[in-house]
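Q: Here's a structure for you.
The values are calculated or read from the model by the stated rules, or taken from the named source; none is laboratory data. Just so we're clear, the structure is a prediction, and the values are computed from it rather than from any experiment. Glycine also receives a Cβ, built like all others from the backbone with ideal geometry; neighbour counts cover every protein chain displayed. Just so you know, the surface numbers come from the protein's heavy atoms only, side chains and all, with ligands and any DNA or RNA stripped out. Shrake-Rupley method; radii C 1.70, N 1.55, O 1.52, S 1.80 Å.
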Amino acid sequence: MIKPFVIGLAALALTTLPALAQFPPPGIYQCVDMSGRAFGTLTLLVAGDYDFQSKVTLGGTGQVASSGNSVSAVSGPLADIDLKGSFTTEANGEASFMFTTTLGSVLCALPA
């Protein structure tokens, strides 16, 4: 009786954990263009909400969607510049993002 329950619980954990681990980690990320010039600050919140501040383009709030390690803006100022890209997560849990936009490519990472 207990063995089928444990097997079912383990199967459920294995099918749900990878999806949870792939959502972009919340944090405050500094963004630069490919020349190393400041592009803005991206604050990612839980559930895909974000706040973006920039002197290069309009800032504001919106939402991003993710599938695996792919990320795209679905609303707000980042959607206006067609932000799309992906993220990688280091062993220590820190993430970095590589995006394309109508203004060029952008790299976002936690401040050093």
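Q: What number of residues in segment 54-83 are assigned to a loop (DSSP other than H, G, I, E, B) and more than 10 Å from the chain's Cα centre (by Cα)?
A: Selection size over segment 54-83: 13.
Q: Keeping to segment 67-83, report how many residues are within 14 Å of LEU42 (Cβ to Cβ) and free of Cβ contacts under 8 Å to residues at least 40 places away in the same chain.
A: Residues that pass the stated criteria total 8.
Q: State which residue is least open to solvent (accessible area, probe 1.4 Å) when the search covers only segment 24-41 and only residues that are closer than 19 Å to GLY93 by Cα and assigned to a loop (DSSP other than H, G, I, E, B).
A: Per the criteria, the residue is PRO24.
Q: Every residue in segment 42-53 that is part of a strand (DSSP E or B) and either open to solvent by 40 Å² or more (accessible area, probe 1.4 Å) or hydroxyl-bearing (Ser, Thr, Tyr) (or both), please.
A: THR43, ASP49, TYR50, ASP51, GLN53
Q: Quick check on this structure: which one of SER67, SER35 is polar (S, T, N, Q) and modelled with pLDDT of 95 or more?
A: SER35
Q: So, one more: Look through segment 84-95, keep the residues that are within 9 Å of the chain's Cα centre (by Cα) and touching a residue at least 60 places away in the same chain (Cβ under 8 Å), and return whichever of them is surrounded by the most Cβ atoms within 10 Å (Cβ to Cβ).
A: PHE87
Q: Restricting the search to segment 51-88, which residues are among the hydroxyl-bearing types (Ser, Thr, Tyr) and under 13 Å from CYS108 (Cβ atoms)?
A: SER54, SER86, THR88 - these are the residues of segment 51-88 that are among the hydroxyl-bearing types (Ser, Thr, Tyr) and under 13 Å from CYS108 (Cβ atoms).
Q: Anything in segment 79-107 that is under 21 Å from SER67 (Cβ atoms) and β-branched (Val, Ile, Thr)? List them, or say none.
A: Those that are under 21 Å from SER67 (Cβ atoms) and β-branched (Val, Ile, Thr): ILE81, THR88, THR89, THR100, THR101, VAL106.
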